[in-house]
Amino acid sequence: MTALVLLCPGVTGYPWPEEPEVEAEYEALVKAGDVEGLVAFGLRKWAAAGADESAMAQLRAAAPAWLTEDEYQRVDPPAFDRLRDLDTPTVVMVGDLDRPPLIECNEQVAARIPGCRLVEMPGVDHLPPLRVPHQVANTVLAYCGANLV
């Protein structure tokens, strides 16, 4: 069995709202190679459920990759307009404390994928494996478990 479990995904081609101040701050931090600044930025933007030690450690581990992610992203062809072509059982999981533009994106992603199940996680921000690890693991096992055995 093949399945997808998507955690708070961003999707190329989605019409993201303009956030010039947020984008400028992020780009300045990336340009400066400021990993600690990116961690602080990530905590403010993505860790609404709490900036505890675990969240800081997770963002500190991720932030160095943000410095080079543009080099590896493939934005063409955009995925958003092709989601209706998926014929794989899919679940999109998103926390109700994630950033509103991402929640809206994830709702639209789930609506575009045929038969997709949207799982809204109360009290969860952009870090569901950290916040609700059992729910994430159980969802992955339920949808992809046959592939893991």
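Keeping to the stretch 16-34, report how many residues are touching a residue at least 12 places away in the same chain (Cβ under 8 Å) and either loosely packed, with under 11 Cβ neighbours inside 10 Å or in contact with a Phe, Trp or Tyr (Cβ under 8 Å, 6 or more places away or on another chain) (or both). Break it down stepwise before answering.
Initial filter on the stretch 16-34 (touching a residue at least 12 places away in the same chain (Cβ under 8 Å)): 16-17, 19, 22, 25-26, 29-30, 33.
Filter again for either loosely packed, with under 11 Cβ neighbours inside 10 Å or in contact with a Phe, Trp or Tyr (Cβ under 8 Å, 6 or more places away or on another chain) (or both), leaving 17, 25-26, 29-30, 33.
Total satisfying the criteria: 6.
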Item to check | Among the residues listed as Leu141, Leu118, the single one being over 23 Å from Val22 (Cβ atoms) and at pLDDT below 95 | outcome: Leu141
Next on the checklist: Cβ-Cβ distance below 6 Å, separation of 6 or more or different chains: which pairs start in the stretch 68-79 with a residue that is touching a residue at least 24 places away in the same chain (Cβ under 8 Å) and end on one that is polar (S, T, N, Q) and part of a loop (DSSP other than H, G, I, E, B)?
Outcome noted: Val75/Thr12; Pro78/Thr12; Ala79/Thr12
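Between Arg44, Arg74, which is over 16 Å from Cys8 (Cβ atoms), at pLDDT 95 or above and either outside the structural domain of Pro9 (by TED's automatic domain parsing) or not aliphatic (A, V, I, L, M) (or both)?
Arg44
The values are calculated or read from the model by the stated rules, or taken from the named source; none is laboratory data. The structure presented is a predicted model; accordingly, all values stated were derived computationally and were not measured. No Cβ is skipped: glycine too gets one built from the backbone with ideal geometry, and neighbour counts run over all protein chains shown.
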